[in-house]
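Written out below as structure tokens is the structure these notes cover.
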Amino acid sequence: MILPNRSDEGSSCYNCVESTPLIDTMNILFIADPLNTFKIHKETTYAMMRSAQARGHSVWACAASDVRSVGVIQAHAQRIVLVDMVDTPEQNHWYIVAEQCKHPLSFYDAVVIRKDPPFDVNYVTDTWLLDAAVRQGAKVFNAPSAIRNHSEKVSILEFPELTAPTIIASDKASFTQFHAKHHDIILKPLDGMGGSGVFRVTENGMNLGSVVEVLTENGARPIMAQRFLPEIAQGDKRILIIGGQVVPHALARIPQDGEVRGNMAAGGKAVVVEMSESDWRIANTLAPILWARGILLAGIDVIGECLTEINVTSPTGFQEIFNQTGFDVAGMFIETLERV
């Protein structure tokens, strides 16, 4: 069931700190990047925290480095209270620390992983520790094993009927052949985020060899290439899936100033657009599969009619969708978290 649009609440809901508990209160731990790095006007984790607090839950936060095994998997975490920033506009004054404690992860009613990529060996180690916490009774979302098993780029290979022509390789010959067939291609690393390391090689093939050498580190690392999709001019659409249900608004990240990348981190303009028939088809195909695997929140990327990525580490876009439509994505997320 898709939750109702809450546009009647207006944009002020994120500035409201009073509690409105709807169920028994929960302790929710967010494992995230340092709080002092949050850009709260667009940070999805912040929107989740605001919604959790508004519904009467206790909000806890820690970094991945604060999680450790001491017989049990525990975290040195802070319980924080989010505050109105009218009188304290400085970036780091959006919360106060109410207490600091070391608790087993099983103490929390839910543990939400919101650590940004890169998905490197440290991230993999984090998922191993969190898997151990699950065995000790912790409820962790997304499931650590699901994050580990779903490379955000490689996972699309499971759904070739939904994707553009794609190869993953590390040798120059494979990309030369792929370019000869498709003429206009995109190349990108497998562990990047925010559009970093994305290159377009057009029909003349200029710099293809150099791009492959740099991205593969002279053949030492595999990378991805896809046929260029001209529909990127209308936006790289982010579609959010929460608990197997599709958020009924797509966030198109539209490239600006001659860029080929629509990512907001690369300067793309974020515009909410109506979901097309193919958007619904792709999202509804993936939604039950991802949820069955323990992926509470996924952000799938679609260009034209093609799936390009399945993001499961820390998908974003909550605030942009809310600000433009009034649809309370964070509320939908926390309400779903309350039920699982």
Qualifying residue in the range 111-126 (condition: of a type in the set (Phe, Trp, Tyr) and in contact with a helix residue (DSSP H, G or I) (Cβ under 9 Å, 6 or more places away or on another chain)): yes
Test: residue in the range 269-287 that is out of contact with any Cys (no Cβ under 8 Å at 6 or more places or on another chain), without any contact (Cβ under 8 Å) to a residue 24 or more places away in the chain and within 26 Å of Asp33 (Cα to Cα): yes
Yes/no for Ser51 being touching a residue at least 12 places away in the same chain (Cβ under 8 Å), assigned by TED's automatic domain parsing to the domain that holds Leu29, within 21 Å of Arg339 (Cα to Cα) and of a type in the set (Ser, Thr, Tyr): yes
Conditions (1) buried (at least 22 other Cβ atoms within 10 Å of the Cβ); (2) at pLDDT 95 or above; (3) small (Gly, Ala, Ser): number failed by Gly262: (2)
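Would the range 65-73 turn up any residue that is among the aliphatic types (A, V, I, L, M), outside any loop (DSSP other than H, G, I, E, B) and modelled with pLDDT of 95 or more?
Initially, the range 65-73 is screened for residues among the aliphatic types (A, V, I, L, M), giving 67, 70, 72-73.
Now drop any that are not outside any loop (DSSP other than H, G, I, E, B), which leaves 67, 73.
Subsequent filtering for residues that are modelled with pLDDT of 95 or more retains 67, 73.
Checked the range 65-73: at least one residue is among the aliphatic types (A, V, I, L, M), outside any loop (DSSP other than H, G, I, E, B) and modelled with pLDDT of 95 or more.
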Among residues of the range 284-333, those that are of a type in the set (Gly, Ala, Ser) and over 11 Å from the mean Cα position of the chain (by Cα), counted: 7
Output for the range 283-318, where each listed residue is in contact with a Phe, Trp or Tyr (Cβ under 9 Å, 6 or more places away or on another chain), crowded, with 23+ Cβ neighbours inside 10 Å and outside any loop (DSSP other than H, G, I, E, B): Leu286, Leu297, Ala298, Leu307, Ile310, Phe318
Pair list, Cβ < 7 Å and 6+ apart or interchain, from the range 170-198 residues that are without any contact (Cβ under 8 Å) to a residue 24 or more places away in the chain to residues that are charged (D, E, K, R) and not in a helix (DSSP H, G or I): His183/Glu203; Gly197/Lys188
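The values are calculated or read from the model by the stated rules, or taken from the named source; none is laboratory data. Because the structure is predicted, anything quoted here is derived from the model rather than measured. Note that we place each Cβ from the backbone using ideal geometry, even for glycine, and neighbour counts take in every protein chain shown.
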